[in-house]
Amino acid sequence: QVQLVESGGGLVQAGGSLRLSCAASRTPFSINKMGWYRQAPGMQRELVADINRGGSTNYADSVKGRFTISRDNAKNTVYLQMNSLKPGDTAVYYCKVEIPLLSNSYWGQGTQVTVSS
């Protein structure tokens, strides 16, 4: 089965930066959309940003101008550069990958991002 390994989470002060990475392995077919979601305590999981194979991106309004999503197709890796972090960004961040030929989406294990004030 497809495996996603996330890294880069941690504890940072407000105004700081973190860079999340998600590497996909065991992927026999092409990956279309890759994205990042987050879930805070008591909240539903929400889209943060995604990017398709051609480079088109979507961002949640709350992170526009602060976060940047990118991908390296050769490495099957997606990144999320998070700048000007706010306490409201505190959540578990999950990577998601869509593989159309498998008719399925796959999730990473989640990485905790905590922003202190």
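A few remarks follow.
- Backbone phi angles across the range 107-117, fed through the Karplus curve with coefficients 6.51, -1.76 and 1.60 (θ = phi - 60°), yield HN-Hα couplings of 10, x, 7, x, 9, 7, 10, 10, 10, 8, 9 Hz in residue order; Gly and Pro are listed as x.
- Estimated inter-spin distance, L101 and D61, nm [label 7 Å along Cα→Cβ]: 3.9
- For the range 50-92 versus the range 1-49, the spacing of their alpha-carbon centroids is 9 Å.
- Whichever aspartates and glutamates have a C-alpha closer than 19 Å to that of K75, once near sequence neighbours (fewer than 8 apart) are set aside: E6, D50, E98
- Calculated FRET efficiency for the pair K86/N32, C-beta based, R₀ 35 Å, to 0.05: 0.70
- Of the residues Q1, P87, Q44, the one whose Cα sits farthest towards the positive end of the charge dipole of the chain is Q1 (charges of +1 on Lys and Arg Cβ, -1 on Asp and Glu Cβ, taken about the Cα centre).
- Net charge, N83 excluded, C-beta distance under 10 Å - Lys, Arg +1, Asp, Glu -1: +2
- Computed from the Cα positions only, the extents of the chain along the three principal axes stand at 44, 25, 22 Å, in decreasing order.
- Average projected area [Cα convex hull, the range 17-82], square nanometres: 5.2
None of the figures in this text is laboratory data; all of them are computed from the coordinates on show. Bear in mind that the values here come from a model prediction, so they are computed numbers and not experimental data. All Cβ positions, glycine included, derive from the backbone under ideal geometry; neighbour counts span all protein chains shown.
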